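Okay, structure first, notes after.
The values are calculated or read from the model by the stated rules, or taken from the named source; none is laboratory data. Small disclaimer: the values here were computed from a predicted structure and weren't measured. Virtual Cβ from ideal backbone geometry, glycine too; neighbours counted across all protein chains shown. Just so you know, the surface numbers come from the protein's heavy atoms only, side chains and all, with ligands and any DNA or RNA stripped out. Shrake-Rupley method; radii C 1.70, N 1.55, O 1.52, S 1.80 Å.
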Amino acid sequence: SSLLDILAARKDPHGLSGDILINGAPQPANFKCTSGYVVQDDVVMGTLTVRENLKFSAALRLPKSVTEQEKDERVNQIIKELGLSKVADSKVGTQFSRGVSGGERKRTNIGMELITDPAILFLDEPTTGLDASTANAVLLLLKRMAQQGRTIIFSIHQPRYSIFRLFDNLTLLAAGRVLFHGPAQEALQYFQAIGYQCEPYNNPADFFLDVINGDSTAVAVGKIKETESAESTKGYTEHNSSLAEKLAEKYCSSAYYQETKATLERIPLGHQKKSKAIFRQITYANSFLHQLRWVSQRTFKNLVGSPQASIAQVCVTTLLGLVVGAIFFGLEEDSSGLQNRVGAMFFLTTNQCFSSVSAIELFVAEKKIFIHEYISGYYRISVYFISKLMADLIPIRTVPSIIFTCITYFMLGKYGLKPTAGAFFTMMFTLMMVSYTATSMALAIAAGHSVVAVANLLVTVVFVFMILFSGLLVNLTSILSWLSWLKYFSIPRYGMQALQINELTGLNFCGSINTTGLISNFTCPQISQLSCTGEEYLKSQGIEVSSWSMWQNHLALACMTLIFLTIAYLKLHLMKKFS
């Protein structure tokens, strides 16, 4: 697999020596984009149909000079060639929904690479996860493609004989050394010539592995006696470790090696000097806007095609809104009403933060697909990032905020919270901003991670510390000066302040006091210690009461969102994409 990645220009060349030539000429700088590469783990979008996956590849990898009709004809031709006509309009399938079979899924992967009609097709262990019959069918397909003039290069582990006999050329590797390179059907004869006899009815591929691993049942009688005379296990182990070196030395003295060496020596030296191509150059067949349209469209289809997460989030948000509304139902304008209002606002902002943890999977779950498609020249990193924000992130965060606001706003208090349209939409906008900022922070932490659990833990810990500085659990004016600066990094604090200014200003929690100094509506105990108005309460919390003081919280959330999204994009851009 490592050699395959090097040949396909998908491995970081740092520390590598030598040259890769194609028909004696240097490898083009954008070779990874013009050749086909089928990775070991299937990288197709399971929520799309076979045809939709192939059309996506055609739309982004074929140039604009190719008309839509020609692209559709190309897709239909590949579907027919790969024998996918019966399942062309069936979904590939995900872990939640059943789709096509393993063999059909593998052929869909191959079809994605055949869209550009590459002269060279690389495959990394194409039989992985397939049963013997399906694996044989896939290799027969590759054989037919090779007979049509296409070069097929792949790594494979322990193939059955019916697959092995399809090979034209074979390369055997062990411990980083070449043990054989030549016509596949002459390999048995070569090993027999150096003293290794394949037993009758033994699979040649198994036999080669036995020889390389030092299995005594596959080697010459002389070696068996030598092994049996070993005085200790350590001696036997040392013998096996040096076996690959001995086999490599025998190959270097063979006619196959000499023939390969002579071929290489005939290549002009001038070509070899020019073969150091720009490794990371990636070319694109289409414009930014064309890529953005297709990637956004696929992301939206993926969202609609797997509604479990989005529907579950809406249902949980609705249920949670009803529960919160029931708990804080009918708030009065008294001391308990003030406490309950602040508690409700604290819960609203905290819920928005923790519900954003689900965004962690946005880049982690599709990491393999993103890396493969980016290296293959499907789209730019910026296109993938923006499309995710537009077609996935914003709808999932916006809709729950609207639902949450509509339910809770009118269930709190006798007639809801402040009965004005401005206060209602300000609360909705505030909850949206808190959700966007928390989600952006989750993306900034999770981008580049491969394990969801690690990113989940980091985001949760950060949110817990932010909640401490939200303004409810501890009075921010009483915090030591050398710790107080941490409050400026608290997302819930900005949300809480905006919601409190929006709701509490203009409210009186001690009733109306008459001219004689008596409370006419109800008695307020310890009136000297109670914040009678919303403004007094806000002042005691260190919150300035003004129109600008509310909107500066929104501005702070917007700035944090931009900073976190920038960090997420940079981490995605700098993420290691080559093995």
Unmet requirement for LEU4, which otherwise passes all of (1) farther than 30 Å from LYS261 by Cβ; (2) in contact with a Ser or Thr (Cβ under 6 Å, 6 or more places away or on another chain): (1)
Cβ pairs under 7 Å, 6+ apart, first in segment 50-67 and farther than 16 Å from GLU81 by Cβ, second among the aromatic types (Phe, Trp, Tyr): PHE56/TRP294; ALA59/TRP294; LEU60/TRP294; LEU60/TYR378; LEU60/TYR379; ARG61/TYR378
Within segment 1-20, considering residues that are surrounded by 15 or more Cβ atoms within 10 Å (Cβ to Cβ) and not in a loop (DSSP other than H, G, I, E, B), the one farthest from the chain's Cα centre (by Cα): LEU7
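Test of understanding: among GLN185, GLN147, which residue is surrounded by fewer than 19 Cβ atoms within 10 Å (Cβ to Cβ), closer than 25 Å to THR263 by Cα and without any contact (Cβ under 8 Å) to a residue 12 or more places away in the chain?
Working: GLN185 fails: without any contact (Cβ under 8 Å) to a residue 12 or more places away in the chain.
Being surrounded by fewer than 19 Cβ atoms within 10 Å (Cβ to Cβ), closer than 25 Å to THR263 by Cα and without any contact (Cβ under 8 Å) to a residue 12 or more places away in the chain holds for just one of GLN185, GLN147, which is GLN147.
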Complete set of residues in segment 78-128 that are more than 24 Å from ALA59 (Cα to Cα), surrounded by 15 or more Cβ atoms within 10 Å (Cβ to Cβ) and not hydroxyl-bearing (Ser, Thr, Tyr): GLY102, GLY103, ASP124, GLU125, PRO126
The one condition in (1) hydroxyl-bearing (Ser, Thr, Tyr); (2) touching a residue at least 60 places away in the same chain (Cβ under 8 Å); (3) within 18 Å of MET428 (Cα to Cα); (4) surrounded by fewer than 19 Cβ atoms within 10 Å (Cβ to Cβ) that THR398 fails to fulfil: (2)
Some residue of segment 475-483 being in contact with a Ser or Thr (Cβ under 9 Å, 6 or more places away or on another chain), at pLDDT below 85, open to solvent by 20 Å² or more (accessible area, probe 1.4 Å) and not in a helix (DSSP H, G or I): yes
So ILE407, is it surrounded by fewer than 20 Cβ atoms within 10 Å (Cβ to Cβ) and more than 34 Å from the chain's Cα centre (by Cα): yes
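Could you run through segment 238-275 and say how many residues are among the β-branched types (Val, Ile, Thr), at pLDDT 80 or above and open to solvent by less than 60 Å² (accessible area, probe 1.4 Å)? Before you say what the answer is, go through the steps one by one.
First, pick out the residues of segment 238-275 that are among the β-branched types (Val, Ile, Thr): 260, 263, 267.
The next check asks that each one be at pLDDT 80 or above; those that pass are 260, 263.
Restricting the remaining residues to those that are open to solvent by less than 60 Å² (accessible area, probe 1.4 Å) gives 260.
Adding up the residues that qualify gives 1.
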In segment 339-388, residue surrounded by the fewest Cβ atoms within 10 Å (Cβ to Cβ) [restricted to those that are in contact (Cβ under 8 Å) with a residue 40 or more places away in the chain and part of a loop (DSSP other than H, G, I, E, B)]: ALA365
Single condition THR420 does not satisfy, out of (1) free of Cβ contacts under 8 Å to residues at least 12 places away in the same chain; (2) crowded, with 18+ Cβ neighbours inside 10 Å: (2)
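Condition (residue is aromatic (Phe, Trp, Tyr), in contact with a Ser or Thr (Cβ under 7 Å, 6 or more places away or on another chain) and at pLDDT 85 or above) applied to segment 398-408: is it met by at least one residue?
Start the filter on segment 398-408 by keeping residues that are aromatic (Phe, Trp, Tyr), which leaves 404.
With the extra rule that they be in contact with a Ser or Thr (Cβ under 7 Å, 6 or more places away or on another chain), the set shrinks to 404.
In the following step, the residues that additionally are at pLDDT 85 or above were identified as 404.
Checking segment 398-408: at least one residue is aromatic (Phe, Trp, Tyr), in contact with a Ser or Thr (Cβ under 7 Å, 6 or more places away or on another chain) and at pLDDT 85 or above.
Would you mind stating whether VAL314 is at pLDDT below 85 and surrounded by fewer than 16 Cβ atoms within 10 Å (Cβ to Cβ)? I'd like the intermediate steps shown before the answer.
On the way: at pLDDT below 85: yes; surrounded by fewer than 16 Cβ atoms within 10 Å (Cβ to Cβ): yes.
So VAL314 passes the test.
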Any hit, segment 449-461, residues being more than 29 Å from GLU361 (Cβ to Cβ), open to solvent by 70 Å² or more (accessible area, probe 1.4 Å) and part of a helix (DSSP H, G or I): no
